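Right, one structure below, let's go through it.
Derivation of every value follows stated rules applied to the coordinates shown; laboratory data play no part. For clarity, every value in this text was computed on a predicted model and none was experimentally measured. When we count neighbours, we look across all protein chains shown, and the Cβ atoms used for this are built from the backbone with ideal geometry, even at glycine.
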């Protein structure tokens, strides 16, 4: 199950690194500690993660527009930055949809597990 949850963990670490750069170590550590909620096997956990990932996407879009505007004003190249940030945003979108994986949904009891006693 660790490998199925790896995209969520990577997204968490990536966002924590972003927060570390702009907001300091305490908020970044709180975000890292949030990854331990993945160990709680409750149906609400995927929904909380999807909402927080969606909010993270909003932050990535805000930061991307800020950086691109700065580079445009300073007459600096911005296309590579835009491509990298678009890939980061697409990764977060991928992680939101990754929660719909059947094994993950079974793990968090969103759907009944297969292979049990069936009559």
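Data table
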{"read-out": "Neighbour-count ranking [beta-carbon atoms within 10 angstrom, fewest first] of 39, 6", "value": "39, 6"}
{"read-out": "Cβ-Cβ FRET estimate between residue 50 and residue 81, R0 fixed at 35 Å, reported to 0.05", "value": "0.85"}
{"read-out": "Convex hull volume per residue in cubic angstrom - Cα atoms of the chain", "value": "99"}
{"read-out": "0 to 90° range, to nearest 10: angle between helix 25-34 axis and the chain longest Cα axis", "value": "30"}
{"read-out": "GNM top mover of 72, 33, 90 - the chain, alpha-carbon springs below 10 Å", "value": "72"}
{"read-out": "Inter-probe distance in nm under a simple model that places probes 7 Å from Cα toward Cβ, at residue 69 and residue 102", "value": "4.6"}
{"read-out": "The chain, helix-only ellipticity at 222 nm - DSSP H runs n ≥ 4, -39,500 (n - 2.57), divided by all residues, nearest 500", "value": "-25000 deg cm²/dmol"}
{"read-out": "Gaussian network model of the chain, Cα within-10 Å springs - most flexible of 88, 73, 44", "value": "73"}
{"read-out": "Separation of the residue 37 and residue 22 label points, Cα + 7 Å toward Cβ, nm", "value": "2.0"}
{"read-out": "On Cα atoms only, tilt of 79-98 relative to the major axis of the chain in degrees", "value": "10"}
{"read-out": "Helix 2-23 axis, angle to the chain major axis (alpha carbon atoms, nearest 10°)", "value": "30"}
